[in-house]
Amino acid sequence: MSEYILTLLVFIPVAGALLLLLVNGSNAGLLKSLAFMVSLLNFILSLYLYFNFDSLNPGFQFEINRVWIQNFGISYHLGVDGISLFLVLLTTLLSAIAILSSWSAIKEKVKEYMVTMLLLEAGMIGVFVSLDLFLFYVFWEGMLIPMYFLIGIWGGPRKVYATIKFVLFTMLGSIFMLVAILVLYFMNYNYTGQYSFNFTEILQLPIPLNAQVWLFFAFALAFAIKVPMFPFHTWLPDAHVEAPTAGSVLLAGVLLKMGTYGFLRFCLPLFPNAFMDMIPLFSILAVIGIIYGALVSTMQKDIKSLVAFSSVSHLGFVMLGLFALNMQGIQGGVLQMINHGISTGALFLIVGMIYERRHTRMIEDYGGIARVVPIFSIFFMIVALSSIGLPGTNGFVGEFLILLGAFNSRIIYAVLGAIGIILAAVYMLWMLQRVLFQTIKNEENKKLLDLNLREIIILIPIILLIFWIGFYPQPLLSKMEPAVKNLLEYVEQKSDSITSSSGECDKICEKAEESSITKEK
Amino acid sequence: MVPVSYYILLSGVLFSIGVLGFLIRRNVIVVFMSVELMLNAANLAIIAFARNIGSLTGQVIVFLVMTVAAAEVGVGLAIIMMFYRNKKSVNVDDGNLMKW
Amino acid sequence: MIDNIWLVPLLPLLGFLINGIFGRKLGKNLVSWIGCGSVGLSFLISVKVFFELLSLPAEQRIFEKIVFPWIYSGFFKVNISFLLDPLSGVMLLVVTGVGFLIHVYSVGYMYEDNGFSRFFSFLNLFIFSMLMLVLANNFLLLYLGWEAVGLCSYLLIGFWYEKKSASDAAKKAFIVNRIGDFGFALGVMLIFWTFGGLNYTEVFQQAPSILVAGGGLVTAITLLLFMGAVGKSAQIPLYVWLPDAMEGPTPVSALIHAATMVTAGVYMMARCHILYELAPFTLGLVAVIGAVTAIYTASIAMVQNDIKRVLAYSTISQLGYMFLGCGVGAFAAGIFHLMTHAFFKALLFLGAGSVMHALSGELNMQKMGGLKGKIPVTFWTVFAAVLAISGIPLFSGFFSKDEILWKAFSQGNLLLWLIGVICAGMTAFYMFRLLFLTFFGKSRVDESIKSHIHESPKIMTVPLMILAILSVLGGYVGIPKSLGGGNNFEHFLSSVFGEKEMIIHHSAFTEYIVMIISIGVALAGIFFAYRFYISKPELPKSLAEKYNFPYRVLLNKYYVDEFYFKIIVNPLLKFATFLWQFIDIRIIDGTANGLAGMVNWFGGIGRKIQTGYVRNYALGMVLGVILVLAYFILK
């Protein structure tokens, strides 16, 4: 079981998608429930990971490593550690919730929609569990396709612009990453004499300093666009505004995490020296992102783009934590990835719920609806407060650990980052005030219906998670800790060895150049 | 025996007529006939060379090409029919939808 | 019982959950029983715990209880854990005791309101948060309580959220508090990286050895923490949220914005007195800010007409006193004043609430007057509170305020002392102005309301009476030695603050003189108030006309709100718009779209080749063939 569990997690949604293809497209009810059952099954299976995860083991678990395409050294290598475990759980949870949330929102092409959602889920899980660079790239790019259709078909009025922008931005980075993966592949061949895309093998490679910087940037560009870091963030608001609710939930909840996850999983251990050299640059970009995202958020007129810009700010926190490069920073960063997935995912769900009723997302169209839809308002309040990091909610634990880590790395980053917390209160509370409070100006808002049972059921697990992580994050932190500790130790060791033996590394580089020259001849 | 160069010359002339016809004529049927002409010019060249070097393969290929050409004519004429039905015309210049 | 200290915050939390989730279905009676009962029970437990603490020998009066681990990350380890010592014990009693009375009062005050259950759930949540703040044994849990009370304050100020002014005030309170919390959070982080832990005991034990007295590090830590206190306790320059917070229901103003939450800053500084004592610069700043705030807001309070605003400015002013006390090193006196202030200020607010209740929600004191006989219980209780706050001997405020002034004087801070004394006079003036305008003189009440002026129900007046008794007698726990008392309060807290050997430069005689001066000033204040508002009621008007400019400035609160808006808020919003419209849309998106446009342009040139004529393509093919052939032939 434990060897195949990850395979199951990736392929059950695919199988589900195939199954859905057999169902008559007009039978929307059956399609929806089938898709939901599949995603729920996947979520329950992923809980197996959580309960059988060995908290003391810092390495990869539930690993499976098979040859896939022998000639090119491509392997089917999956595994999770304390860092990716929770991202997988988050993905399965949010996928199930996203499918449930599109119950009444999607009326056209239900079959295609559900198939797309399931394929998207498979792709996202694949990204988080693959330990082979080729496999990783396949999932990384493959997951773009369902997302492309999700926004492009079921999106809002400017969906074509948004979806093309989204794909082009992401592709731009991915191409550089592909080149870098191939460079690593050939470097590995020159070093070991064997072709391999296997991450654990490439990890052994001592990469010379100058090569590290280039490779780092190639990877980092792909990830930074995905995060998105300032100044590569402009695809995000457009994509969010146009995407259907479920698309936004998964986009914010999971897709963005791929970028930060990539930094942690690949950039850091593969290119530790370059990573350390780039700490100032990326920390500054992260801080700019925090403040910039928050400020721009303040002025938004559309609730969804407000939340989108707030994501830029929150992901800035995550990056700040990762680049603090200490225990608190990285743990906080990973936790904040989860938190952001939960809170922002929930915000998009909530915006989607009200959009379904009123067909507008403009802040000015609302006002005073707390009187009409009290249950909705309570959920909205709780989620918004967790998003601004109020102590006792999940956001606080993550942000505090991040700032604590950043404080140790350089005080000014923490100080500037903390300004983001003030600004978060500004944009969020101002929005809440204009949407929920004051008197009702708009007659149409007087007839709004409060949340129905399905919607409450969607939100309750999220609320529970918000407070669980807020008051008792220990189960998560303790599972992460060994992996993060291991990573930090590994990075320290590797960076030292590369710096001290840089002469030897240059030889490898020369050898690589020579062999490439001989090949040309 | 007629030297192979004569056949090639004939083939070349036929091919050139085909090319010119294809480029100059507007009538879609004539254009189509020009294409056939080029095809047959090529057939002629192949069979001439095949005979010259005493290979059966070349002759077999020509048979193959002829059958394919027959099938192609079937499809091609069908397309022309449809073209005529849609455009009420047999002028190739009326089929210029695929442009900027 | 002391081992089950976690029950004290747990009960209000349960109350919050039950009322919050099921409140609409429970009915008002059950809601009020749950709401008041949970706090009442915690009060009883607190009393029990307090006496258990008292029964211990003085040096053992410290008790810690770890409930469960909260955040562990590497060597960063923080628990949900409680600390009970005399300081938190006193706070515990004040919070649950005053809190309970205000809960009971609210049952009557809020009975007609639609959001009854919501109100009680928020109040319970507040008590829970405040107890977490008070009972925390580490800085992070303190921070949790710190922000959580801010949240409750936000929720309760904006309780009548349909009023724009209320929701504005709520938002303002939260954001201004967050500015303070920004400093506080950074202070907590600095403490962690300095001491490697956040537990009070850990930090305070190591402080003298790790920190250099008067050094930069301890000054930075204390200043950052102080920033939090400035926000929460509404001192200059972050006091602006508190007057606006009066938009909330009156019991909220009494509980949060007078008795408990706003005093959190004072509590925090008292808690960290070891750090503050190592940082003389910060202490000096605290004293100066406290004194300046006290006199500055007292001056505003003298001309306001809204009864609750007067009380709000008075609260800020009294908080200034407490800061002054802390600033001159008299932490016990600060806490003493905190306690007595909690009694009489809560009483004043509740009394004001009772007046509003009688007058159908009227707030303007110019439209009151002559209520003395009509609502006697309210009048007498408020009168007691006014006497207490004005520092009339034998009332609680006298002892605590005088303690602070005397400490300031005996430390040699004559200027601060002088400010304090003048401010005491102003306090007496505006409090008696409030009393006279409201209860004495001719009735200026609107005719429509006049007929149904009525005394509040028992459920509201009984808490008033209890608080009145406390306001009168509350000071007797800390009668100074010079007046024949034992200063028991300070003695009790000495296990926290240490028994400080006050260098006695001054004889008891000097202390009497100082005392008499402040009494005299207070009496002068009362005299002026009497002259202005009883004997010559036309005098204020003519004075206001004569000194129009200063009067307007005071009435408009020195235009500070407008100033902040102009200098901070508007430029920030403009800057944000600039970032969005210019940087984001023009520059970044412009670059991306520009690149796309360039690709488009090149494509536009290339597509001219596509004529759509079959023969053009064929010609191209032919030319291509010719070129290829030519290449091979000519090669």
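The values are calculated or read from the model by the stated rules, or taken from the named source; none is laboratory data. The structure presented is a predicted model; accordingly, all values stated were derived computationally and were not measured. For neighbour counting, all protein chains shown are included, and Cβ atoms are generated from backbone atoms with ideal geometry for every residue, glycine included.
Within segment A:103-131, restricting attention to residues that are touching a Ser or Thr at 6+ places or on another chain (Cβ under 7 Å) and in a loop (DSSP other than H, G, I, E, B), which residue is surrounded by the most Cβ atoms within 10 Å (Cβ to Cβ)? Result: A:LEU131.
Do the conditions hold for B:ILE61, that is, is it surrounded by 14 or more Cβ atoms within 10 Å (Cβ to Cβ) and at pLDDT 90 or above? Reasoning before the result, please.
On the way: surrounded by 14 or more Cβ atoms within 10 Å (Cβ to Cβ): yes; at pLDDT 90 or above: yes.
Yes; evaluated as a whole, the condition is true for this residue.
Only one of A:ILE462, A:ILE402, A:ILE388, A:ILE466 is in contact with a Gly (Cβ under 9 Å, 6 or more places away or on another chain), more than 11 Å from chain C (Cβ to nearest Cβ) and under 28 Å from C:LEU198 (Cα atoms). Can you tell me which?
Of A:ILE462, A:ILE402, A:ILE388, A:ILE466, the one residue that is in contact with a Gly (Cβ under 9 Å, 6 or more places away or on another chain), more than 11 Å from chain C (Cβ to nearest Cβ) and under 28 Å from C:LEU198 (Cα atoms) is A:ILE466.
Does segment B:5-40 hold any residues that are polar (S, T, N, Q) and assigned to a helix (DSSP H, G or I), and which are they?
Scanning segment B:5-40 gives B:SER5, B:SER11, B:SER16, B:SER34, B:ASN40.
Among the residues of segment C:46-74, those that are of a type in the set (Phe, Trp, Tyr) and closer than 15 Å to C:LEU140 by Cα comprise C:PHE68, C:TRP70, C:TYR72. Restricting attention to segment A:405-439, and to residues there that are facing chain C (nearest Cβ under 7 Å) and in a loop (DSSP other than H, G, I, E, B), which single residue is surrounded by the fewest Cβ atoms within 10 Å (Cβ to Cβ)? In this case the residue turns out to be A:THR439. When each of C:PHE116, C:PHE120, C:PHE174 is tested for being more than 9 Å from chain A (Cβ to nearest Cβ) and either without any contact (Cβ under 8 Å) to a residue 12 or more places away in the chain or touching a Phe, Trp or Tyr at 6+ places or on another chain (Cβ under 9 Å) (or both), the lone residue that passes is C:PHE120.
Please go through segment C:579-596 and pick out each residue that is over 21 Å from A:GLY293 (Cα atoms) and more than 10 Å from chain A (Cβ to nearest Cβ).
First, the residues of segment C:579-596 that are over 21 Å from A:GLY293 (Cα atoms): C:594-596.
C:GLY594 - this is the single residue of segment C:579-596 that is over 21 Å from A:GLY293 (Cα atoms) and more than 10 Å from chain A (Cβ to nearest Cβ).
Of C:ASN177, C:ASN199, all but one fail to be of a type in the set (S, T, N, Q) and either within 30 Å of A:LEU436 (Cβ to Cβ) or within 13 Å of the chain's Cα centre (by Cα) (or both); the exception is C:ASN177.
Checked against the criterion of being within 14 Å of chain C (Cβ to nearest Cβ), crowded, with 16+ Cβ neighbours inside 10 Å and within 30 Å of A:TRP103 (Cα to Cα), the candidates A:PHE166, A:PHE139 yield just one match: A:PHE166. Which of the residues spanning segment C:239-253 are assigned to a helix (DSSP H, G or I) and closer than 18 Å to C:ARG118 by Cα? Once the filter is applied, which keeps residues that are assigned to a helix (DSSP H, G or I) and closer than 18 Å to C:ARG118 by Cα, segment C:239-253 yields C:GLU247, C:THR250, C:PRO251, C:VAL252, C:SER253.
Being at pLDDT below 90, touching a Phe, Trp or Tyr at 6+ places or on another chain (Cβ under 8 Å) and surrounded by 18 or more Cβ atoms within 10 Å (Cβ to Cβ) is a property that C:GLY23 has. For beta carbons closer than 8 Å, sequence separation of 6+ or different chains, a first residue in segment C:71-89 that is at the interface with chain A (Cβ under 7 Å from one of its Cβ atoms) and a second that is assigned to a loop (DSSP other than H, G, I, E, B), the qualifying pairs are C:ILE71/A:PRO473; C:GLY74/A:ASN326. For segment C:150-165, taking the residues that are more than 8 Å from chain A (Cβ to nearest Cβ) and in a helix (DSSP H, G or I), the one that is nearest to A:TYR366 (Cα to Cα) is identified as C:SER165.
Selection of segment C:187-206 for residues being within 8 Å of another protein chain (Cβ to nearest Cβ) and in contact (Cβ under 8 Å) with a residue 40 or more places away in the chain yields only C:PHE192.
Among the residues making up segment C:604-622, those that are of a type outside the set (A, V, I, L, M) and facing chain B (nearest Cβ under 7 Å) are C:ARG607, C:LYS608, C:GLN610, C:THR611, C:GLY612, C:TYR613, C:ARG615.
Being over 21 Å from C:VAL496 (Cα atoms) and either among the aromatic types (Phe, Trp, Tyr) or more than 10 Å from every other protein chain (Cβ to nearest Cβ) (or both) is not true of C:TYR143. For segment A:223-246, a residue qualifies if it is over 13 Å from the mean Cα position of the chain (by Cα) and of a type in the set (Gly, Ala, Ser), and the qualifying residues are A:ALA239, A:ALA243, A:ALA246.
Out of all the residues in segment A:332-353, is one or more surrounded by fewer than 24 Cβ atoms within 10 Å (Cβ to Cβ), closer than 23 Å to C:ASP168 by Cβ, more than 14 Å from every other protein chain (Cβ to nearest Cβ) and aliphatic (A, V, I, L, M)? The answer is no, given that none of the residues of segment A:332-353 is surrounded by fewer than 24 Cβ atoms within 10 Å (Cβ to Cβ), closer than 23 Å to C:ASP168 by Cβ, more than 14 Å from every other protein chain (Cβ to nearest Cβ) and aliphatic (A, V, I, L, M).
Out of all the residues in segment C:557-578, is one or more in contact with a helix residue (DSSP H, G or I) (Cβ under 6 Å, 6 or more places away or on another chain), away from every other protein chain (no Cβ under 14 Å) and assigned to a helix (DSSP H, G or I)? Yes: one or more hits. Scoring A:VAL167 on the criteria (1) touching a residue at least 40 places away in the same chain (Cβ under 8 Å); (2) in a helix (DSSP H, G or I) leaves a single failure, condition (1).
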